[in-house]
Amino acid sequence: MLTKVLIANRGEIAVRVIRACQELGIATVAVYSDLDRSALHVRVADEAFALGGETAADSYLQTDKILDAIERSGADAVHPGYGFFSENTDFARAITERGVTFIGPPPEAIEVMGDKVSSRIAAQKAGVAGVPGTTEFLTSADEVVAFGDEHGWPVAIKAAFGGGGRGMRVVRSADEAGEAFESARSEALKGFGRDECYVERYLTWPRHIEMQIIGDQHGNCVWVAERDCSAQRRHQKLIEESPAPAFPDEVRQAMGTAAVKVAQACGYYNAGTVEFLYQDGEFWFLEMNTRLQVEHPVTEMVSGIDLVAEQIRVASGEPLSFRQEDVSLRGHSIEVRVNAENPAGGRFLPSPGHITELMPPDGFGTRWDGGYESGDTVSQFYDNLVGKLIVWGVDRPTAIARMLRALREFRIEGIATTIPADIAILEHPDFAEAKHSTKWVEDTLDLTGVDASPAGASSGDDDPKVRRDVDVEVNGKHYSVSLWVPESASAPTAGPAPAARSRRSSSASSASAVGGSGAVTVPMQGTIVKVLVEVGQAVEVGQTVCVLEAMKMENNIMSDVAGTVVELRVEPGRSVGTGDVIVVLGPPA
Ligand code: MV4
């Protein structure tokens, strides 16, 4: 059995894995970026190693720094969580070459399932059909027309190396084919560096149903249960559940068998998910995710199987602790993703910032897999998942009622979250009757009335920390120690204090406080990427003055008054916090 696991991840999934290790008596090693110095996953791990850097690219994606932490900690295995290095074969090979176990599948399986066409071919070979379509790359729009005329319209053009819906185009008739082919190709090239596309029949009201499987290194592979992830927006899942509602048991059995065949065809071991589209009683292979997924807890709740513990067992070389006939499912489970996003008006704007209070709900059948506690900060640089609320109930109506109760009990202040949108979905009769599809949230659900202004919003970090380097002597040995202390408590005793990080300008947030006739403030923490006005310029109501990047999205910051720019407080590259004044306006000329 493994003895010490390094978790190459952060947030709720790092905490989830650490908890499983603790239960198995395995020591845990966290790694952390500069911004995560005192994050929850660092607080709960036995040891933690700094990676340096703020962005994911400068920290959690630095192979050498992680290899160094493995070396220094003596970890004998790495759990990659999801995202980051979880499906990176270079990383998996780099650690296994050092004799360290990768808690994941064999790299060859990651490769086969790594693109849409090669995974479709692998599934087909295993006797599992994808949506009717081609497995050859398109060379012209004429081939799209020929396919549509033969199999019927609409059809979907998809980027072979795409993902998350990027590089996908729906073509309703022959005359749309040329333009759709060109735009799919150019989006794929821009997004993924490769423009190969293929075509398949387009399903107009499908549900996204995925099957959890797990295999060991002795050839055993079982399916556990399916999850319905149809409640999503722009390819971001909002709510997941198991079992899928209105899903006949014979379809479940057939889908489970198909998923195991796909996994075995690529020599898979570890936990994995085979995704299908389901419509009118039929299902088709879509892709396979060769990692533990965000929504794995709903499967755990209905099966009683600890998927992370089982991953660790099979990575150690042990056989699965149960057989297919031992799996029995009971009741219904729902998961809601609590994201730091403001769903007001259906816009889902990123809402990073300081969580002044976080008190998750509790009670029978209620589970919170969180990555943050009160006082923690959700940074604009990482995924904005605060945590996942999962409930179990004896049946679906009980689970829905329990989730609504739990969401209303949830106290979270300082940031806006997706909770009000989740309540709107769970209260909707279409959801109760399982009439929703993957297009329902965007096409049918009305979120215009949703208001989610963060309760008790703060203006970012209340007291930013600064670094103080101190020389200490322990048992006659000299160490240089870095202390991170609140700025207010760091009055220098000699010499100048190191500068606080260059952000947090004035925290003035109202026009009167800054003396002009108006001030433009930013609604969320982020980085200014463009300044579109200059001092002396006239600004109209609704005019964009700056572009703010937050959580990988660009947001136009507009003035809600007319005036003349008298002061510019930011420049491109500057970090700002919620409520910071960026432009001061005088009276219109
Ligand atoms: C489809 C489809 C309908 N017909 N393929 C979108 C992302 C990608 N991974 C697959 N996607 C889809 N492929 C055919 N032939 C509808 C979708 C789709 C979707 C799939 C799963 C979850 C959410 C979705 C939202 C919109 C469209």
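Brief remarks on what is shown
- For region 1-62, dividing the convex hull volume of the Cα atoms by the residue count gives 70 Å³ per residue.
- In summary, the convex hull built on the alpha carbon positions of region 66-113 has an orientation-averaged projected area of 3.1 nm².
- Per-residue Karplus couplings for region 131-140, computed as 6.51 cos²θ - 1.76 cosθ + 1.60 with θ equal to phi - 60°, are listed in order as 4, x, x, 9, 10, 10, 6, 5, 10, 7 Hz, Gly and Pro entered as x.
- Spread of Cα-to-Cα distances over 10 Å intervals beginning at zero, given as percent, for the chain: 3, 15, 24, 26, 19, 9, 3, 0, 0
- Solvent-free Debye calculation, one equal scatterer per alpha-carbon of region 361-427: log10 I(q)/I(0) at 0.22, 0.23, 0.25 Å⁻¹ equals -1.00, -1.07, -1.20.
- Size check on region 417-456: the Cα extents along the three principal axes, sorted descending, read 37, 17, 15 Å.
- For Met359, residues with placed amide H under 5 Å, excluding near neighbours: Arg411, Ile412
- Built amide H within the under 5 Å cut-off of Gly586, gap 5+: Ser517, Thr564, Val565, Val566
- The calculated Kirkwood hydrodynamic radius for region 297-443 is 16.9 Å, given to one decimal from all distinct C-alpha pairs.
- Think of each Lys and Arg Cβ as +1 and each Asp and Glu Cβ as -1; about the Cα centre, that makes the dipole of region 108-227 roughly 380 debye.
- Of the peptides 565-576, 339-350, the order by per-residue mean of other Cβ atoms within 10 Å, starting with the highest, comes out as 339-350, 565-576.
- Long-range tail of P(r) for region 231-283 (Cα pairs > 19 Å, %): 39
- Amide H contacts for Val581 (H built 1.01 Å from N in the peptide plane; partners 5 or more residues away or on another chain; cut-off under 5 Å): Ala508.
- In the chain, a dipole from Cβ-located charges (positive for Lys and Arg, negative for Asp and Glu) runs towards its positive end, and of Ser173, Met553, Met113 it is Met553 whose Cα lies farthest in that direction.
- Computed over region 177-237, Kirkwood Rh from alpha-carbon pairs, angstrom: 15.3
- Using the Karplus relation 6.51 cos²θ - 1.76 cosθ + 1.60 with θ = phi - 60°, the per-residue 3J(HN,Hα) values for region 318-326 come to 6, x, 3, 7, 8, 10, 3, 6, 7 Hz, with x marking Gly and Pro.
- Cα-Cα over 26 Å, subset of Lys388/Lys465; Lys65/Lys465; Lys439/Lys552; Lys158/Lys530; Lys435/Lys552: Lys388/Lys465; Lys158/Lys530; Lys435/Lys552
- Cβ charges +1 (Lys, Arg) and -1 (Asp, Glu), total dipole of the chain, debye: 740
- Ordering of 541-548, 272-279, 93-100 by packing [mean C-beta count within 10 Å, highest first]: 272-279, 541-548, 93-100
- Neighbour counts of C-beta atoms inside 10 Å place Arg252, Arg207, Arg405 in the sequence Arg405, Arg252, Arg207, starting with the fewest.
- Projecting the Cα atoms of Trp223, Ala254, Thr521 onto the dipole axis of the chain, where Lys and Arg carry +1 and Asp and Glu carry -1 at the beta carbon, places Thr521 farthest toward the positive end.
- Per residue Cα convex hull volume in Å³ - calculated over region 256-307: 100
- Calculated diffusion of region 1-140, Stokes-Einstein form, Kirkwood radius summed over Cα pairs, 10 °C and 1.306 mPa s, µm²/s: 97
- Note, ³J(HN,Hα) from phi for region 540-554, Karplus 6.51, -1.76, 1.60, rounded to Hz, x at Gly and Pro: 9, 4, x, 6, 6, 9, 8, 10, 10, 9, 9, 6, 6, 10, 8
- In plain terms, the chain from Gln543 to Val481 could stretch by 17.4 nm, reckoned as 0.36 nm per residue minus the Cα-Cα distance.
- Cα shape, region 17-97, gyration tensor, a/c 1.5 rule: oblate
- All C-alpha pair distances within region 196-286, sorted into 5 Å bins from zero, spread as 3, 13, 24, 22, 18, 14, 6, 1, 0 percent across the bins.
- Each label was represented as a point 7 Å from its Cα along the Cα-to-Cβ direction; for Leu532 and Gln279 these points are 3.8 nm apart.
- Diffusion coefficient of region 90-247 by Stokes-Einstein, Kirkwood radius over Cα pairs, 25 °C, 0.890 mPa s: 138 µm²/s.
- The residue list Val570, Ser33, Ala141 was ranked by how far each Cα lies along the charge dipole of the chain toward its positive end, using unit charges on Cβ atoms, and Ser33 comes out on top.
Values quoted throughout were computed directly from the atomic coordinates according to the rules given, and no laboratory measurement underlies them. Keep in mind it's a predicted model, so treat the numbers as computed, not measured. Counting neighbours? That spans all protein chains shown, and the Cβs are built from the backbone with ideal geometry, glycine included.
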